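Colleague: Quick one: this structure, given as structure tokens, is what I'll be asking you about.
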Amino acid sequence: MKTASIRDIRLSFGRLLKSVQDGESIAITSRRKVVATLCPPPASKPAKRPWADLDSWLAAQTVRSDRDLAAMISEDRDDIR
């Protein structure tokens, strides 16, 4: 773990922030005593894709043989005319 004084933080925050982004932790010191730790956030779980389980959902659906798609379309067209 790197250490950096408050003065180092003020003068080179960008460089230290880059180190933290790369996964390194930095102990911040004041008068040679550690007063804080600057570290990257904990790893979070990857977000679930909205359609990740689409295949399993489709497999669980029952096939409705009582519906004839062609007849439904024909009826719908007859209503429009």
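Colleague: Taking the highest mean first, how do the peptides 8-19, 66-77 order by number of other beta carbon atoms within 10 angstrom per residue?
Modeller: By packing density, highest mean first, the sequence is 8-19, 66-77.
Colleague: While we're here: Which of these values of P(r) over Cα pairs in 5 Å bins from 0, in percent was calculated from the structure shown: [x] 3, 16, 27, 25, 15, 9, 4, 1, 0; [y] 3, 11, 12, 9, 7, 6, 6, 5, 5, 4, 5, 5, 5, 6, 6, 4, 1, 0; [z] 3, 16, 31, 27, 15, 7, 1, 0?
Modeller: For P(r) over Cα pairs in 5 Å bins from 0, in percent, the calculated option is [y].
Colleague: Taking the DSSP beta bridges in the chain as the whole, what percent of them are antiparallel, to the nearest 5?
Modeller: 55
Colleague: Let me ask something additional. With labels modelled as points extended 7 Å from the Cα through the Cβ direction, what inter-label distance (nm, one decimal) is found for ARG31 paired with TRP51?
Modeller: Going by the 7 Å Cα→Cβ label model, 6.2 nm.
Colleague: Which FRET efficiency value, to the nearest 0.05, do you get for MET72 and SER44 by plugging their Cβ-Cβ distance into 1/(1 + (r/R0)^6) with R0 = 35 Å?
Modeller: The value I calculate is 0.15.
Colleague: Considering amide H positions built from the backbone, and no H for Pro or chain starts, which residues 5 or more places from THR29, or on another chain, come under 5 Å of its amide H?
Modeller: ALA4, SER5, ILE6, VAL35
Colleague: Here is a follow-up. So how strong a dipole does the chain carry about its Cα centre when Lys and Arg Cβ are +1 and Asp and Glu Cβ are -1, to the nearest 20 debye?
Modeller: Approximately 1420 debye in magnitude.
Colleague: Let me ask something else. Angle between the Cα long axis of helix 69-80 and the longest principal axis of the chain, 0 to 90 degrees, nearest 10?
Modeller: 80
Colleague: May I pose another question? How much FRET efficiency would the formula 1/(1 + (r/R0)^6) give for THR62 and GLN21, where r is the Cβ-Cβ distance and R0 is 35 Å, rounded to 0.05? Let's see the in-between values first.
Modeller: Numbers: r = 51 Å, r/R0 = 1.44.
With a Förster radius of 35 Å, E is 0.10.
Read the figures in this text as sums done on the coordinates, not as results from a lab. Since this is a predicted model, take the numbers as computed values, not measurements. With ideal geometry, Cβ positions are generated from the backbone for all residues, glycine too; neighbour counts draw on all protein chains shown.
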